[in-house]
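*Asks:* What follows is a single structure, and I will ask about it in a moment.
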Amino acid sequence: MLQQTRETQILDAAEALFLQSGLKRITMDDIAELVGVSRPAIYQYFSSKSDIASMALKRMHQRSLDSVWAAIRQARGLKSQLKAAIEARDGVFLDQRLSAPVPLWYLDMQNSWAATEFEKSQAGYQNILRLQLIRSRVHGDEAAIIARLLVMSAMSLREIATDPEEFSSELGSFLSIILEKHLPAGSQTDSDGGGAAGFADAASRIVM
């Protein structure tokens, strides 16, 4: 139990420091100082800064996906569930982008292992949205298309939004377009499957 507590303290400290100063500028000494232990003590739990960063990244992405599920469970109605889910992930990323003094270390796509972990997490995120659409009686292939569009559009929106209110407003408008145009009559899609082009048109309202 003590080991788990110390590991958690180290990871918490590392996350805070990476967010504040970026991954490259932080040293093991910085992490040890924030935790309140010696540098050698850190090596009892982690072999290197890369080891800490990798574990912190996995933990952070899992926490993000857990938040997405929790947001869905607390919301009622498909639009509210999707909006809450996206705000629980991309909305949080936006908040951190706006408040952090340096680029977000966990979204550094130039870092191969960070990019790999992000892609894995994005796939899990997309699958959560897909499953929620299927639970709302959207056909499987259509649900996959919509989920992919939502993930891509939300990522674009959080990169251009200037504040959380703008993000939330634009996201709500976008979801209304998707659900009203492509999921009529109790979230059922048209059987001809011809909505994909319309999805791209709707997405352009966000990314333009």
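Read-outs: derived from the displayed coordinates by stated rules, not from any lab. This structure is a prediction, so every number in the text was calculated from the model and none was measured. Don't worry about glycine lacking a Cβ; one is built from the backbone with ideal geometry, like all the others, and counts go over all protein chains shown.
*Asks:* In degrees, nearest 10, range 0 to 90: what is the angle between the Cα axis of helix 112-135 and the longest Cα principal axis of the chain?
*Replies:* The helix 112-135 is inclined about 40 degrees to the chain.
*Asks:* Then there's this: To the nearest 20 debye, what charge dipole does the chain have about its Cα centre, counting +1 at the Cβ of each Lys and Arg and -1 at the Cβ of each Asp and Glu?
*Replies:* Approximately 460 debye in magnitude.
*Asks:* Can you tell me the 0 to 90 degree angle between the C-alpha axis of helix 140-160 and the longest principal axis of the chain, rounded to 10?
*Replies:* Orientation of helix 140-160: about 60 degrees from the principal axis.
*Asks:* 222 nm [θ] for the chain, helices only, -39500 (n - 2.57) per DSSP H run of 4+, per residue, to 500?
*Replies:* It lands at -24000 deg cm²/dmol.
*Asks:* Can you pull out the trypsin sites (Lys or Arg not before Pro) in the stretch 6-102 that DSSP calls coil and that have at most 12 other Cβ atoms within 10 Å?
*Replies:* Sparse-neighbourhood loop trypsin sites (Lys or Arg not before Pro): 24, 25, 76.
*Asks:* With angles folded into 0 to 90 degrees, how steeply does helix 49-74 sit against the dominant principal axis of the chain? Use alpha carbons for both and round to 10.
*Replies:* Around 40 degrees separate the two axes.
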